[in-house]
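To start, the structure under review is shown below, and the notes come after it.
The values are calculated or read from the model by the stated rules, or taken from the named source; none is laboratory data. Predicted, not measured: the structure shown is a model, and the values here were computed from it. Please note: Cβ atoms are built from the backbone with ideal geometry, for glycine as well, and neighbour counts cover all protein chains shown. Side chains included, ligands, DNA and RNA excluded: accessible areas come from the protein's heavy atoms. Shrake-Rupley method; radii C 1.70, N 1.55, O 1.52, S 1.80 Å.
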Amino acid sequence: MNGSRKENWIECDSCSTWYHWRCAGNGEDVENIAKWYCKACMDTDPTRIMTLKTPARLGSDPNRWLRMLENKEIKKDPFKRMQGADLESWIEDDEDALREPVIIEQPDGLGMKMPPKDLTVEHVAEYIGEDTPLEVMDVASQSTSPGWNLGKWADYVELDPSKRDKILNVISLEISGTELADMVLPPKIVRDLDWVDNFWPSTRKGKNNAYPKVQLYCLMGLAHAWTDWHIDFAGSSVYYHILHGAKVFYFIRPTPANLAAYEKWSGSELQYQTWLGDMVDEVYKVELVEGNTMIIPTGWIHAVYTPIDTLVFGGNFLHSYDVATRTCAEYYHSQSFPIDPFPELRVREIEIATQVPKKFTFPMFTKLCWYVGDKYLRDIKSASGVSFSPRVLNGILTLSEFLVSEARILENGTDQAKKEAKEHIPTDRVKDAPAMARELRWRVKQALGYPSDDEGPVGTRKSKDTTAAPIAGSKRRRLDDQEETPHFRNFKPKPWDAVVMTKDEEQSFTSKMPKPEAKEGEDWTKPWLAVSDSSTSVEGAETSVKSRREVVVKVRRTATGVERQRIERTVEDWTWTES
């Protein structure tokens with residue numbers, strides 16, 4: 001339809017009914033609308049959403065991001081406000097810790113160090129070097145503006161805002177190894193949890209060493225800058241401290257439906273036409289001011305607005321409390337399992353699906369995972385008997401599944417895949433990667449009570465009354481009483497120190513049970529699985545029963561004491577007298 005008719009009226013793209021825009025609209029300029037649906041049609045099909053025309057990538061209006069916010073439902077955030085000194089006990093005692101953003105309004109008790117509050121962008125350029133290349137984002141196009149270094153950036157920031165021809169933003173200046181980095185120390189809770197700090201060998205960090213440098217970022221945003229919706233790389237968590245200025249965060253919870261909407265939106269034309277908040281359940285708003293610190297957990301979708309010129313220090317970190325959010329997604333993705341795992345598992349899967357460029361992914365992620373797995377295995381095997389919470393053990397289990405998937409590539413992948421997988425293994429620590437990965441998985445499964453004699457993904461704990469029918473055509477091989485189940489290649493678990501089996505004398509008695517007959521559409525096994533006491537008769541033919549009971553007891557020493565298994569089984573033979 002032409003522009004003159006669209007000034008006052010708009011047609012529903014589903015039912016073709018015309019509406020007066022002043023009554024039916026949401027405040028958006030009708031000229032910007034590509035598709036629009038009336039309320040009745042949206043109620044009938046919630047997937048119908050209003051979309052905007054794709055803007056010209058360069059030279060478009062940087063304020064369009066704010067206009068998209070107008071008349072949108074934004075909820076006040078429900079997140080915790082805490083004292084820095086309380087974070088350590090919070091992590092230890094609260095099962096929900098690090099599942100939602102948390103705000104620390106004052107830096108006291110955080111155990112961190114920050115530059116003086118009067119630090120300017122000019123100072124940043126002096127400390128790091130004015131000739132240092134800088135990646136600058138043009139807010140209007142949400143793309144990189146070429147040709148910048150820190151000296152040029154400092155000069156631009158010093159201009160009167162009325163003389164700046166563009167709204168620009170710097171969000172990826174990593175400062176490790178610089179003079180400015182000596183003035184910054186992340187919060188103690190971050191340092192205590194960070195995989196890079198705690199698992200990457202100290203001899204392989206620092207100058208002239210390649211390691212993941214993601215802990216120290218200096219972010220410099222100009223007034224009215226906007227960073228569109230995103231999830232931090234590899235599902236990493238973030239700490240974020242406002243040195244001076246202010247930020248406004250918009251958060252979307254990482255539910256399965258919301259992550260699916262984000263995946264659909266990210267990297268498509270919807271990204272330039274649609275407010276992501278219209279595709280999800282809720283959007284929360286958090287306002288931060290000078291002195292505030294926030295920790296953003298794994299997987300949270302967020303966008304950021306900068307109301308005034310602002311200087312921020314922050315960083316990314318991986319930890320053991322939500323490994324599933326990061327590594328297992330890649331494992332499940334590579335195996336194509338027909339399940340929907342814990343919602344945050346999809347973060348890495350989304351990176352793959354939306355083809356996130358390598359420079360925006362977590363550097364040396366897989367190599368770091370091998371270092372972490374190796375250290376946890378040594379801790380679990382140590383004589384001191386290091387103990388871990390169930391939540392951390394589940395995280396280590398997910399990590400081990402990811403490493404086993406890498407091991408399978410080493411064993412069964414294409415030549416190119418094997419070469420790439422091998423390059424990720426830190427041979428200074430890991431000598432036999434497949435054996436290490438499988439032993440780690442076995443030991444953690446033993447600690448959690450999971451079955452450990454399979455090559456499949458993480459399952460569920462065994463329950464006392466679990467009963468499963470064998471797959472049609474399958475056969476079970478009865479193991480000799482002292483034979484240990486071969487859990488996997490390249491690793492043999494510690495043998496039992498003693499195994500004793502006792503057998504009761506065979507007993508004979510009569511009972512009644514329906515004789516199994518192959519009738520189409522009937523399952524003859526149901527009554528047999530339901531009866532726990534064979535001496536109890538039910539409706540059916542009289543039969544002779546021979547029953548024998550066996551008890552097997554196994555013991556062995558462990559790092560923390562003794563492991564004892566007691567297995568009791570009853571074997572019955574049922575025969576019917578021919579009538």
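Condition check ((1) of a type in the set (A, V, I, L, M); (2) modelled with pLDDT under 80; (3) out of contact with any Phe, Trp or Tyr (no Cβ under 8 Å at 6 or more places or on another chain)) across all residues:
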position: S537; (1), (2), (3): no, yes, yes
position: S544; (1), (2), (3): no, no, no
position: E550; (1), (2), (3): no, no, yes
position: T560; (1), (2), (3): no, yes, yes
position: R564; (1), (2), (3): no, no, yes
position: E568; (1), (2), (3): no, no, yes
position: W574; (1), (2), (3): no, no, yes
position: E578; (1), (2), (3): no, yes, yes
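Does E406 satisfy the criteria of being over 29 Å from T255 (Cα atoms) and at pLDDT 65 or above? Judged against the criteria, E406 is not a match. In the set R81, R99, only one residue is crowded, with 16+ Cβ neighbours inside 10 Å and at pLDDT 80 or above; that residue is R99. If you go through the stretch 124-134 and keep only what is open to solvent by 50 Å² or more (accessible area, probe 1.4 Å) and free of Cβ contacts under 8 Å to residues at least 40 places away in the same chain, you end up with E126, E130, D131, P133. Remark: pairs (first residue in the stretch 85-108, at positive phi; second residue surrounded by 15 or more Cβ atoms within 10 Å (Cβ to Cβ) and hydroxyl-bearing (S, T, Y); Cβ separation under 8 Å; 6+ apart in sequence or on different chains) = L98/S237; L98/T298; L98/Y321.
Per the conditions (1) buried (at least 17 other Cβ atoms within 10 Å of the Cβ); (2) over 29 Å from W229 (Cβ atoms), the sole criterion not satisfied by D108 is (1). Close contacts from the stretch 396-413, counting a first residue that is outside any helix (DSSP H, G or I) and a second that is small (G, A, S), with Cβ to Cβ under 8 Å and a gap of 6+ residues or different chains, come to G413/A421. Screening the stretch 158-186 for residues that are open to solvent by less than 60 Å² (accessible area, probe 1.4 Å) and within 15 Å of E135 (Cβ to Cβ) and picking the one that is modelled with the lowest pLDDT gives S172.
Inside the stretch 92-107, can you point out the residues that are under 14 Å from P186 (Cα atoms) and in a loop (DSSP other than H, G, I, E, B)? Spell out how you get there, then give the answer.
First pass over the stretch 92-107, keeping only residues under 14 Å from P186 (Cα atoms): 104, 107.
The one that is under 14 Å from P186 (Cα atoms) and in a loop (DSSP other than H, G, I, E, B): P107.
If the condition is being hydrophobic (A, V, I, L, M, F, W, C) and either touching a strand residue (DSSP E or B) at 6+ places or on another chain (Cβ under 6 Å) or modelled with pLDDT of 95 or more (or both), then the stretch 409-432 contributes I425, V430. Applying the criterion of being small (G, A, S) and surrounded by 17 or more Cβ atoms within 10 Å (Cβ to Cβ) to the residues of the stretch 135-157, the residue that is nearest to the chain's Cα centre (by Cα) is S141.
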